[in-house]
Amino acid sequence: MKTVLALCSTLALVISHASQAADLRVYTYDSFVSEWGPGPQLEQAFEARCGCDLEYVAVEDGVSILNRLRIEGDNNKADVILGIDDGLSVDTRATGLIEPHGLETGPLRQELDWQDDSFVPFDFGYFAFIYDSSKIQQPATSLRQLIDSDASVIYQDPRTSTPGQGLMMWVKAVYGDDAPAAWKQLSSHTVTVTKGWWEAYSLFLSGDADYVLSYNTSPAYHVVAEDKTQYRAALFSEGHVAQIELAAITRTSQNKALGRDFLQFLVSPQAQAIIPVTNWMLPVIDGVALPPVFDDLIQPARIGFSAEEAGTSRQQWLREWRSSAAQ
């Protein structure tokens with residue numbers, strides 16, 4: 001999850017050591033490397049472990065990471081990409097710039113059902129609509145109810161944002177062939193569609209909408225970091241689409257051995273203890289101690305599509321969204 005405190009971050013999109021070239025360059029998203037995100041702690045821990053220099057190069061979102069890879073092609077400077085999600089894995093593999101990692105990652109949480117030789121999951125969560133319970137006493141209990149209501153909504157553009165893409169899959173999973181009509185109805189009470197997550201969440205926290213598309217884990221941040229309990233995730237009866245965030249080694253990397261070490265580190269108990277309380281997502285291994293509020297998060301049923309189905313149909317679904325809801 002793109003940590004909420006990144007809303008206030010004015011950090012540059014590229015965090016680097018100017019004095020020398022990095023041993024390992026990681027393309028990721030901007031809130032991951034913010035002062036309050038997991039990036040700085042993971043960098044410190046991994047550098048202490050490897051005796052190397054890690055550099056982050058950050059763009060806005062996971063979709064932007066893929067777009068950058070496509071534009072740069074074989075000229076990309078990444079050793080590792082971090083922040084692509086499972087919905088983008090097929091398209092990312094199709095660039096020809098990712099190669100199998102050859103790692104034995106150990107046991108991952110069973111609910112992930114993860115079987116892939118190129119991408120390593122480092123966190124996951126469920127897309128959810130967040131609301132302020134001090135203002136809304138009876139939240140929507142289904143996606144259909146929310147779309148049919150007049151509640152104001154902010155969400156993210158599926159062309160540039162992984163949450164936006166998640167909503168696109170969510171609408172398609174619930175509505176099927178009726179998705180265009182659902183998008184049109186939703187557009188009638190959509191405040192705005194933002195390029196990325198942080199902008200949408202910032203507007204919501206400023207009071208610009210009743211609901212914002214985020215994650216089921218978002219309320220945990222407010223409780224732990226701000227001691228605020230009014231922000232909650234609406235549990236929808238149809239189920240929720242999951243997001244699994246991934247890392248992978250690039251075919252063009254000049255330091256693949258170190259890249260493999262970094263991927264292995266991401267699923268270690270040390271890294272997995274850092275990520276949930278800085279990126280505000282769920283760990284991918286069992287046995288990670290979490291603040292008690294994580295036990296109170298909604299536990300959605302998982303619906304949606306396989307990575308292969310998403311990769312095959314993504315452009316068609318985007319066309320449906322553009323023709324019915326693009327603003």
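The values are calculated or read from the model by the stated rules, or taken from the named source; none is laboratory data. As the structure is a computational prediction, the values presented were derived from the model and not from experiment. Methodologically, a virtual Cβ is constructed for each residue, glycine included, from the backbone with ideal geometry; neighbour enumeration extends over all protein chains shown. Side chains included, ligands, DNA and RNA excluded: accessible areas come from the protein's heavy atoms. Shrake-Rupley method; radii C 1.70, N 1.55, O 1.52, S 1.80 Å.
Residues that are of a type in the set (A, V, I, L, M) and open to solvent by 20 Å² or more (accessible area, probe 1.4 Å): list the strands (runs of 3 or more DSSP E) wholly contained in the stretch 88-206 that include at least 1 such residues. Spell out how you get there, then give the answer.
Details: elements: 120-132, 153-156, 190-194.
Answer list for the stretch 88-206: 190-194.
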Notebook entry, point to check: Going through the stretch 2-32 one residue at a time, which ones are in a helix (DSSP H, G or I) and either modelled with pLDDT under 50 or farther than 24 Å from ASN67 by Cα (or both)?
Noted result: VAL4, LEU5, ALA6, LEU7, CYS8
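Which one of these is among the basic types (Lys, Arg) and surrounded by 19 or more Cβ atoms within 10 Å (Cβ to Cβ): ARG302, ARG314? Can you show your working first?
Working: ARG302 fails: surrounded by 19 or more Cβ atoms within 10 Å (Cβ to Cβ).
It is ARG314.
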Check: Would you pick out the residues in the stretch 33-60 that are open to solvent by 10 Å² or more (accessible area, probe 1.4 Å), within 29 Å of HIS222 (Cα to Cα) and assigned to a helix (DSSP H, G or I)?
Finding: PRO40, GLN41, GLU43, GLN44, ALA45
Item checked: Test: residue in the stretch 222-231 that is in contact with a helix residue (DSSP H, G or I) (Cβ under 7 Å, 6 or more places away or on another chain), within 22 Å of GLY87 (Cβ to Cβ) and not hydrophobic (A, V, I, L, M, F, W, C) -> no
Item checked: Of all residues making up the stretch 73-87, the number that are open to solvent by less than 10 Å² (accessible area, probe 1.4 Å) and assigned to a helix (DSSP H, G or I) -> 1
Next item on the list: Could you identify the single residue in ASP150, ASP177, ASP132 that is farther than 27 Å from GLU99 by Cβ, among the acidic types (Asp, Glu) and touching a Phe, Trp or Tyr at 6+ places or on another chain (Cβ under 9 Å)?
Entry: ASP132
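Return yes or no: is ASP210 of a type in the set (D, E, K, R) and buried (at least 20 other Cβ atoms within 10 Å of the Cβ)? Don't jump to the end; show me each part of the working.
Values: of a type in the set (D, E, K, R): yes; buried (at least 20 other Cβ atoms within 10 Å of the Cβ): yes.
So ASP210 fits the description; yes.
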Check: Only one of these conditions is not met by VAL63: (1) outside any helix (DSSP H, G or I); (2) touching a residue at least 24 places away in the same chain (Cβ under 8 Å); (3) closer than 25 Å to VAL191 by Cα. Which number is it?
Finding: (1)
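Assess whether PHE294 counts as being under 21 Å from ASP132 (Cα atoms), aromatic (Phe, Trp, Tyr), surrounded by 18 or more Cβ atoms within 10 Å (Cβ to Cβ) and in contact (Cβ under 8 Å) with a residue 12 or more places away in the chain.
yes
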